[in-house]
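Mind looking over this structure? Questions follow.
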């Protein structure tokens, strides 16, 4: 099974039952969980743009994580956050827009975050210029010319 998202293709590397679920109901806040019998991979960890049809302002964005969970700004995803026991093999960030990486500041530090060198640089620049908060991520550079094969096959698509 192969799934194509923009310039990234993801396919499952075993024959077990595979699940695809999209964890958002509004534009922005992209979170796509790929799950097979052995592993979970998150494609993007995006901060939502809207809450109940309204833009999320700074007053809401600066609330503590417990409040963000109650409001639904942070989706309830077991094994993802700093306060959980990690259960994801990794997170693959497609590109450097906050609605694709903005939840990384809440992610458990043991979960590897796969991204291209360009995406990593743009996130760091956003932090430097205070477009977003500064926080560390467990970054693993995704080599655009070499597919990642376990537990999912991931390769960049060109052209």
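Nothing in this text is a laboratory measurement; each read-out follows from the coordinates by a stated rule. For clarity, every value in this text was computed on a predicted model and none was experimentally measured. Positions of Cβ are generated from backbone atoms using ideal geometry, with glycine treated the same way; all protein chains shown enter the neighbour counts.
Going by average Cβ neighbours within 10 Å, how do the peptides 49-60, 115-126 rank, with the highest at the top?
Ranked from most to least packed, the peptides come out as 115-126, 49-60.
So, one more: What is the distance in Å between the Cα centres of segment 115-155 and segment 29-91?
18
Still on this model: Please work out the ratio of the alpha-carbon Rg of segment 24-159 to 2.2 N^0.38 Å and round it to two decimals. Please report the intermediate quantities before stating the final value.
Working: Rg = 14.8 Å, N = 136, 2.2 N^0.38 = 14.2 Å.
Rg over 2.2 N^0.38 Å, computed on Cα atoms: 1.04.
Report the normalised scattering of segment 81-159 as log10 I(q)/I(0) at q = 0.11, 0.16, 0.22, 0.26 Å⁻¹, calculated by the Debye formula with identical scatterers on the alpha carbons.
Result of the Debye calculation: -0.29, -0.61, -1.08, -1.34.
Which order do peptides 74-80, 129-135 fall in by mean Cβ count within 10 Å, highest first? Numbers along the way, then the final one.
Details: 74-80: 15.9, 129-135: 10.9.
Order by mean packing, descending: 74-80, 129-135.
Label-point separation (nm) for residue 134 and residue 50, each offset 7 Å from Cα along Cα-to-Cβ?
My value for the distance between the label points is 3.5 nm.
Sticking with this one: Given 0.36 nm per residue, what is the gain on full extension from residue 85 to residue 127 after removing their alpha carbon distance, in nm? Kindly include the intermediate steps, with their values, before the conclusion.
Working: separation 42, 0.36 × 42 = 15.12 nm, distance 2.68 nm.
This chain segment gains 12.4 nm when fully extended.
While we're looking at this one, here's another question. When a/c is below 1.5 the answer is rounded, else prolate if a/b is larger than b/c, else oblate, so apply that to segment 61-127 with a ≥ b ≥ c taken from the square roots of the Cα gyration tensor eigenvalues. Could you put the intermediate results ahead of the total?
On the way: a/c = 2.33, a/b = 1.36, b/c = 1.72.
Oblate shape, in that a/c is at least 1.5 and b/c is the bigger or equal ratio.
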